[in-house]
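Step one of this worksheet: look at the structure below.
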Amino acid sequence: APGLLLHCPHTTSGRHGLFEFVKAAPATLRFEPGLIVANGNYVIVHGRISGNGRPKNWIIATIMRIEDGCVAEQWEVVQDEASYTESKSGLPMFGEQFAE
């Protein structure tokens, strides 16, 4: 939406912030969507971001509020992906197996 509000730790708010984040991303950046849940005007996408130039992949939950068919507001919950040895549960944070 033209008045997009971004409550994200790695971008400035608004469409401009989103476009600048994408432009500045390394060519190796990859997003793998996982579980997608919708309820009314809200959609949550659980995913993995890899190739971001950081030591660990990110596991994210993107929460979006939809208005008139557009994303009007978005929140990001970002967490470093735990390895098998770091996972006390022994279960991966995303998908069926650990990324390593």
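The values are calculated or read from the model by the stated rules, or taken from the named source; none is laboratory data. These numbers were taken from a predicted model, which means no experiment stands behind them. All Cβ positions, even for glycine, are placed from backbone atoms using ideal geometry, and neighbour counts span all protein chains on display. Quick note on the areas: whole protein, heavy atoms, side chains included, nothing else; ligands and nucleic acids left out. Shrake-Rupley method; radii C 1.70, N 1.55, O 1.52, S 1.80 Å.
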Report task. Output the residues belonging to segment 86-100 that are of a type in the set (S, T, N, Q) and open to solvent by 50 Å² or more (accessible area, probe 1.4 Å). Result -> SER89, GLN97
Report task. Determine if segment 76-87 includes at least one residue that is within 17 Å of the chain's Cα centre (by Cα), part of a strand (DSSP E or B) and hydrophobic (A, V, I, L, M, F, W, C). Result -> yes
Query raised in the report: So which residues in segment 40-69 are touching a Pro at 6+ places or on another chain (Cβ under 8 Å) and hydrophobic (A, V, I, L, M, F, W, C), if there are any at all?
Result: VAL45
Report task. Please list, ordered by first then second residue, the pairs with beta carbon atoms under 9 Å, 6 or more apart or interchain, first in segment 4-24 and in contact (Cβ under 8 Å) with a residue 60 or more places away in the chain and closer than 14 Å to MET64 by Cβ, second among the aromatic types (Phe, Trp, Tyr) and open to solvent by 70 Å² or more (accessible area, probe 1.4 Å). Result -> LEU6/PHE21; LEU6/TRP75; HIS7/TRP75; CYS8/PHE21; CYS8/TRP75
Query raised in the report: Is it true that ARG48 is closer than 14 Å to PHE94 by Cα, of a type in the set (D, E, K, R) and not in a helix (DSSP H, G or I)?
Result: yes
Report task. Filter segment 43-85 down to residues that are out of contact with any strand residue (DSSP E or B) (no Cβ under 9 Å at 6 or more places or on another chain) and free of Cβ contacts under 8 Å to residues at least 40 places away in the same chain and give me whichever is least open to solvent (accessible area, probe 1.4 Å). Result -> SER83
Requested in this report: List the number of the failed condition for GLU32; all other conditions in (1) acidic (Asp, Glu); (2) modelled with pLDDT under 95; (3) in a strand (DSSP E or B) hold.
Outcome: (2)
Query raised in the report: Are any residues in segment 11-42 open to solvent by 90 Å² or more (accessible area, probe 1.4 Å) and aliphatic (A, V, I, L, M), and if so, which ones?
Result: VAL22, ALA27, LEU35, ILE36
